[in-house]
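Engineer: I'd like to ask you about the structure that follows.
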Amino acid sequence: MRLHDDQLRDISARFQAEMKKGLSAESNAAATLKMLPTHVCSTPDGSENGEFLAVDLGGSKFKVLQVKVRKEAGRVRRSVEMQEQTYPLPKELLIGRGVELFDHVSECLKDFLLQKKISLEKKHPLGFTFSFPCQQTALNQGLLLNWSKNYWARGLQGKDMVNTLRQAISRAGGMDVDVLALVNDTVGTMMTCGFDDQHCEVGLIIGTGTNACYMEELRHIDLVEGDEGRMCVNTEWGAFGDDGALDDYLTEFDRDIDAASINPGKQCLEKMVSGLYLGELVRLVVLKMTKLGLLFDGRVTDALRTKGKITTAHVAAMEQYKDGLKNTRDILLDLSLNPSPDDCIAVQHVCTVVSFRSSNLVAAGLAAILTRIRQNRKLKTLRITVGVDGTVYKTHPQYAKRLHKVVRRLVPDCHVRFVLSESGSSKGAAMVTAVAQRVTARRHQSLSSFRLSRDQLRSVKARMRAGLEAGLKSNSHSPVKMLPSYVFRTPDGTECGKYLALDLGGTNFRVLLVKIRSGLRRSVRLYNKLYPIPLEIMQGTGEELFDHIVHCISDFLDYVGMKKARLPLGFTFSFPCLWKMFLKKRFSWTKGFKATDCEGNDVVDMLREAIKRRNEFDVDIVAIVNDTVGTMMSCAYEDPQCEIGLIAGTGSNVCYMEELRNIEKNGLGEMQRMCINTEWGGLGEDGCLDDIITEYDNAVDRESINHGRQRFEKLTSGLYLGEVVRQVLLDLTRRGLLFKGRVTEALKTPGIFETKYLSQIESDRLALLQVRSILQHLGLDSTCDDSIIVKEVCGAVSRRAAQLCGAGMAAVVDKIRENRGLDQLNITVGVDGTLYKLHPHFSTVLQETVVALAPQCYVTYLLSEEGSGRGAALITAVARRDQVEM
Ligand code: 0WK
Ligand code: 0WK
Ligand code: BGC
Ligand code: BGC
């Protein structure tokens, strides 16, 4: 057990090699030193401030604390006030069911609040010191890798300890606690000491267990993105030697300890060093010597044979400078031994050997860490402070002195100051929580404007309703245009024939051939082809656009071999069109379209002229329909109850069957209902949404090709959500809360953050690593925290969009219900659009919002499988038949 300096240097070198292994992504899995990223990127910088709760679990004492960090007026230094309570931790809880352990923790937390008369109503930020190895991707998350020391609670390995505590707190109820940070006790200790000493960049625990952390260069931590600055790494050095690296130093006593432990083969160094084992090591050595007749005349007692009978506290007592020998005698007598003075000296010596080896091994590990820091920083000499805590270091008489001495001998080029953490790791945990809180607060501040309350949503519903009502009035200037579609009923199955359909305005332009069969074996068969619409065509001249459309039709008619057939055509034209019956239509552009010299013109004329210009084929243009109407008709073919069409895609819009009596601008008395294309995207153009529109939305509107228009659409549809997210990320980055404050060209590039990325980033299946690879793909270097923030921003923006669409839909269904004087309305909505179809949460949030805001309406949502092309063909079939009959 005696280790001289060469051996310690050898151990230190092995230790350094293992640190490298743990830091590299390739070899981390095999490394015994897990080098866990802690997401603590700086020691206290003086800005920490506030009141925090702290829970300290994993050391010899389980504590609940309140930490108040205050900057008193006129005083340079901040003051820290703490009150704490130690709570018992029954042994059976340490090896019982994990949830029971955490229920005990949350019950104690509640008791602490009551005892200390801390308000139960107020929201309390909490820092959780959890002294076990956790894989963290952020401050407020940590998967338990394995238990150690005398803990072995079931059902928690691999689980997120922050969530586990949050769930236990909500089970306990009656308190509002926000777990903002999880820190290892070494990290808490470093931060506690760092509060007073800026040079403190190493945290060391020599207590029940043992471990160390230190500030490593970010560029060396493969498991974390980013290469500038530093991050605290929790080495989890207790596991050093688990791969046999210390076998040549292990004694038979160490092997016995390991074999009898609850985690054999694990925590090799810890079992040679820490308080849970030192006493036992001494007992095993003394037992062996007694059996060999070297002590107590070879008389072994049951007590001496009993595990745990000599504790580390005993070892510390026996090594006391003044009373050591007397203590030794008393302790041996307690073990029913009859020690001679020599026996006492010998046993005391055993204690010294065992504890000396412990401090030497710690010195070797520490020397490895200090050397690495000095080399990282290319310094000849390193001045650094080590923050220390733990009963062995604190209570064992000579332990600290020996350790300091050996460290200084092993690393003479490091000027090391050891600072004892007087107030435990929770002060440090509070510092980390303060940083987490500040980051969260600043972030939430930006995102709070996206969080809409139930009342706000109710008010949006009312404003949409008012817009619908106003739009139905003749000569109305309502931004909700309420355009008559001249579709008076949904399909009845008698439709039949072959139709050509065009579908323009969504993500893709499609040309379709639709064959409708009526009667018993009624069916609709589609043949279609997608054609891209290049941006320069979308925003070129009207003539170029319609020539491009006709070029695609020509290509398609070749493809289906029907160039000669003068097919009736239905045109899904997904833009606001004011029309007189089915054909005469003036329109305006929305979304990404801005072709010139055609807004206000007649779509049919423009298409006819382009066909004439090409002079290759002819069609009979019968109907122009909006994609919402096409979608409603297409779904109504399956479900006659479908009387609403919703598009949540590139754009956003709804149509529904309105009572003709309510439509002032129709002039067609005898029909009962007509489908109205609401063009709800325009809501807010009159400023009626300004109280919920954020600065980010205004930025998107300013940069859009139709500034001031389609305000509701710009809050809810796919073309814009990505841009809203980009604006928020830009702002957070400019405020230093993201991407290390680096505003890259990528981030400044409009349209870079396509909405499809929102859907990908928000899908629960995606691990943060993949979020980062999406950001990487966009040329945005990110850290874990960054990815979490990006995911949060995406969530806030898409959730608001879905809620607003839900509020709009609630207005529509409630209007239909009241139109029909019903207490209860059962109705189906035909839906299409990539946002609704592909976003992981959009449809659910929309539906939940409708249920909450229109409880008397039972709404079924039917996804339109075939797109609106089928709907357009059905409308064409109806229109054609009505023309014939007219
Ligand atoms: C006191 C710290 C606690 C840490 C403990 C370690 O507040 O977080 O776990 O020291 O020492 P032990 O109590 O295990 O001897
Ligand atoms: C598919 C429909 C089309 C509509 C589109 C909307 O066939 O008429 O415009 O959905 O969704 P988007 O492609 O804009 O996401
Ligand atoms: C744990 C560490 C902890 C150390 C000191 C070890 O058993 O694995 O996470 O820092 O004990 O408490
Ligand atoms: C258009 C609507 C269309 C919607 C969905 C909006 O920009 O104004 O006519 O229904 O997008 O495509």
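Engineer: Could you pull out the residue among Lys326, Lys266, Lys288, Lys322 that is in a loop (DSSP other than H, G, I, E, B) and modelled with pLDDT of 95 or more?
Structural biologist: Lys266
Engineer: State whether one or more residues within the range 580-600 are among the acidic types (Asp, Glu), within 13 Å of ligand 4 (Cβ to nearest atom) and touching a Phe, Trp or Tyr at 6+ places or on another chain (Cβ under 9 Å).
Structural biologist: The answer is yes; a qualifying residue exists.
Engineer: All but one of (1) closer than 13 Å to Leu278 by Cβ; (2) surrounded by fewer than 24 Cβ atoms within 10 Å (Cβ to Cβ); (3) among the small types (Gly, Ala, Ser) hold for Ser355; state the number of the condition that does not hold.
Structural biologist: Here Ser355 meets the rest and fails (2).
Engineer: Can you tell me which of Leu139, Leu94, Leu113 is more than 17 Å from Lys63 (Cα to Cα), in contact (Cβ under 8 Å) with a residue 40 or more places away in the chain and not hydroxyl-bearing (Ser, Thr, Tyr)?
Structural biologist: After ruling out the rest, the residue left standing is Leu139.
Residues are listed down the side, and each one gets a yes or a no for (1) in contact with a Phe, Trp or Tyr (Cβ under 7 Å, 6 or more places away or on another chain); (2) assigned to a helix (DSSP H, G or I); (3) more than 12 Å from ligand 4 (Cβ to nearest atom):
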{"site": "Gly681", "(1), (2), (3)": "yes, yes, no"}
{"site": "Ile693", "(1), (2), (3)": "no, no, yes"}
{"site": "Arg709", "(1), (2), (3)": "no, no, no"}
{"site": "Leu715", "(1), (2), (3)": "no, yes, yes"}
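Engineer: Oh, and also: I'm trying to understand the selection: among the residues of the range 13-53, which are touching a residue at least 40 places away in the same chain (Cβ under 8 Å) and in a helix (DSSP H, G or I)?
Structural biologist: If the condition is that a residue be touching a residue at least 40 places away in the same chain (Cβ under 8 Å) and in a helix (DSSP H, G or I), then Ala13, Arg14, Phe15, Gln16, Glu18, Met19, Gly22, Leu23, Asn28, Ala30 are the ones that fit.
Engineer: If you take the residues of the range 484-529 that are outside any loop (DSSP other than H, G, I, E, B) and within 16 Å of ligand 4 (Cβ to nearest atom), which of them is surrounded by the most Cβ atoms within 10 Å (Cβ to Cβ)?
Structural biologist: Out of the qualifying residues, it is Ala501.
Results for (1) polar (S, T, N, Q); (2) part of a helix (DSSP H, G or I); (3) under 30 Å from Leu504 (Cβ atoms), shown as yes or no for each residue.
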{"site": "Ser773", "(1), (2), (3)": "yes, yes, no"}
{"site": "Gln776", "(1), (2), (3)": "yes, yes, no"}
{"site": "Val790", "(1), (2), (3)": "no, yes, no"}
{"site": "Val793", "(1), (2), (3)": "no, yes, no"}
{"site": "Ala802", "(1), (2), (3)": "no, yes, yes"}
{"site": "Arg817", "(1), (2), (3)": "no, yes, no"}
{"site": "Val829", "(1), (2), (3)": "no, no, yes"}
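Engineer: Considering Asp242, Asp258, Asp196, which residue is in a loop (DSSP other than H, G, I, E, B), more than 22 Å from the chain's Cα centre (by Cα), acidic (Asp, Glu) and under 18 Å from Thr32 (Cα atoms)?
Structural biologist: Result of the check over Asp242, Asp258, Asp196: Asp242.
Engineer: Here is a further query. Tyr527 is checked against (1) hydroxyl-bearing (Ser, Thr, Tyr); (2) within 16 Å of ligand 2 (Cβ to nearest atom); (3) free of Cβ contacts under 8 Å to residues at least 12 places away in the same chain and fails just one. What number does that condition carry?
Structural biologist: With (1) hydroxyl-bearing (Ser, Thr, Tyr); (2) within 16 Å of ligand 2 (Cβ to nearest atom); (3) free of Cβ contacts under 8 Å to residues at least 12 places away in the same chain applied to Tyr527, the lone miss is (3).
Engineer: Still on this structure, I have one more. Go through the range 199-238 and report how many residues are closer than 13 Å to Phe418 by Cα and more than 9 Å from ligand 3 (Cβ to nearest atom).
Structural biologist: The qualifying residues number 5.
Engineer: Look at Ala212 and say whether it is at pLDDT 95 or above, in contact with a Lys or Arg (Cβ under 6 Å, 6 or more places away or on another chain) and either within 16 Å of ligand 4 (Cβ to nearest atom) or outside any helix (DSSP H, G or I) (or both).
Structural biologist: So Ala212 fails the test.
Engineer: Against the condition within 31 Å of the chain's Cα centre (by Cα) and over 21 Å from Ala54 (Cβ atoms), how does Val99 come out, does it pass?
Structural biologist: Yes: the conditions hold for Val99.
Engineer: While we're looking at this one, here's another question. Filter the range 291-319 for residues that are charged (D, E, K, R) and in a loop (DSSP other than H, G, I, E, B); which is nearest to Tyr393 (Cα to Cα)?
Structural biologist: Checked the range 291-319; the qualifying residue nearest to Tyr393 (Cα to Cα) is Glu319.
Engineer: With charged (D, E, K, R), more than 44 Å from the chain's Cα centre (by Cα) and more than 23 Å from Lys591 (Cβ to Cβ) as the only criterion, which of Arg438, Arg522 stands out?
Structural biologist: Selected residue: Arg522, the only one of Arg438, Arg522 that is charged (D, E, K, R), more than 44 Å from the chain's Cα centre (by Cα) and more than 23 Å from Lys591 (Cβ to Cβ).
Engineer: Sticking with this structure for a sec: What's the number of the condition Gly229 fails, among (1) buried (at least 24 other Cβ atoms within 10 Å of the Cβ); (2) more than 15 Å from ligand 1 (Cβ to nearest atom); (3) under 29 Å from the mean Cα position of the chain (by Cα)?
Structural biologist: Result: Gly229 fails condition (1) only.
Engineer: With the checklist (1) more than 16 Å from ligand 1 (Cβ to nearest atom); (2) surrounded by 15 or more Cβ atoms within 10 Å (Cβ to Cβ); (3) modelled with pLDDT of 95 or more; (4) under 26 Å from Glu422 (Cβ atoms) in hand, flag the one item Phe102 doesn't pass.
Structural biologist: Every listed condition holds for Phe102 apart from (4).
Engineer: Answer yes if at least one residue in the range 858-867 is within 21 Å of Arg726 (Cα to Cα) and either crowded, with 21+ Cβ neighbours inside 10 Å or within 16 Å of ligand 3 (Cβ to nearest atom) (or both), and no otherwise.
Structural biologist: No, the range 858-867 has no match at all.
Engineer: Follow-up. Looking at (1) more than 35 Å from the chain's Cα centre (by Cα); (2) modelled with pLDDT under 90, which one does Asp413 not meet, given that it meets all the others?
Structural biologist: Answer for Asp413: the failing condition is (2).
Condition check ((1) of a type outside the set (Val, Ile, Thr); (2) touching a Leu at 6+ places or on another chain (Cβ under 9 Å); (3) not in a helix (DSSP H, G or I)) across all residues:
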site: Gln348; (1), (2), (3): yes, yes, no
site: Cys351; (1), (2), (3): yes, yes, no
site: Leu361; (1), (2), (3): yes, yes, no
site: Leu370; (1), (2), (3): yes, yes, no
site: Val392; (1), (2), (3): no, yes, no
site: Lys401; (1), (2), (3): yes, no, no
site: Arg408; (1), (2), (3): yes, no, no
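Engineer: Given (1) assigned to a helix (DSSP H, G or I); (2) out of contact with any His (no Cβ under 9 Å at 6 or more places or on another chain), identify the lone condition not met by Leu204.
Structural biologist: Status for Leu204: all satisfied but (1).
Engineer: Please tell me if Leu567 is hydrophobic (A, V, I, L, M, F, W, C), more than 30 Å from His707 (Cα to Cα), out of contact with any His (no Cβ under 9 Å at 6 or more places or on another chain) and touching a residue at least 60 places away in the same chain (Cβ under 8 Å).
Structural biologist: yes
Condition check ((1) within 19 Å of the chain's Cα centre (by Cα); (2) crowded, with 22+ Cβ neighbours inside 10 Å; (3) not aromatic (Phe, Trp, Tyr)) across all residues:
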site	(1), (2), (3)
Asn706	no, no, yes
Ser717	no, yes, yes
Arg742	no, no, yes
Ser773	yes, no, yes
Val790	yes, yes, yes
Gly795	yes, no, yes
Ser798	yes, yes, yes
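Engineer: Does the range 265-277 contain any residue that is surrounded by fewer than 24 Cβ atoms within 10 Å (Cβ to Cβ), without any contact (Cβ under 8 Å) to a residue 40 or more places away in the chain, of a type in the set (Ser, Thr, Tyr) and closer than 24 Å to Asn360 by Cβ?
Structural biologist: no
Engineer: Looking at the range 176-189, I want the residues that are touching a residue at least 40 places away in the same chain (Cβ under 8 Å) and have a partner that is charged (D, E, K, R) and surrounded by fewer than 24 Cβ atoms within 10 Å (Cβ to Cβ) with Cβ atoms under 6 Å, at least 6 apart or on another chain. Which pairs are those?
Structural biologist: Close Cβ pairs (under 6 Å, with a partner that is charged (D, E, K, R) and surrounded by fewer than 24 Cβ atoms within 10 Å (Cβ to Cβ)) amount to Asp176/Lys123; Asp178/Lys123; Val179/Arg166.
Engineer: For residues in the range 617-635 being of a type in the set (Asp, Glu) and outside any loop (DSSP other than H, G, I, E, B), which is farthest from ligand 4 (Cβ to nearest atom)?
Structural biologist: Ranking the qualifying residues of the range 617-635, first place goes to Asp620.
Engineer: Determine if the range 795-809 includes at least one residue that is of a type in the set (S, T, N, Q) and modelled with pLDDT of 95 or more.
Structural biologist: yes
The values are calculated or read from the model by the stated rules, or taken from the named source; none is laboratory data. Source: prediction; values computed, not measured. Glycine gets a Cβ as well: all are built from the backbone with ideal geometry, and neighbour counts include every protein chain shown.
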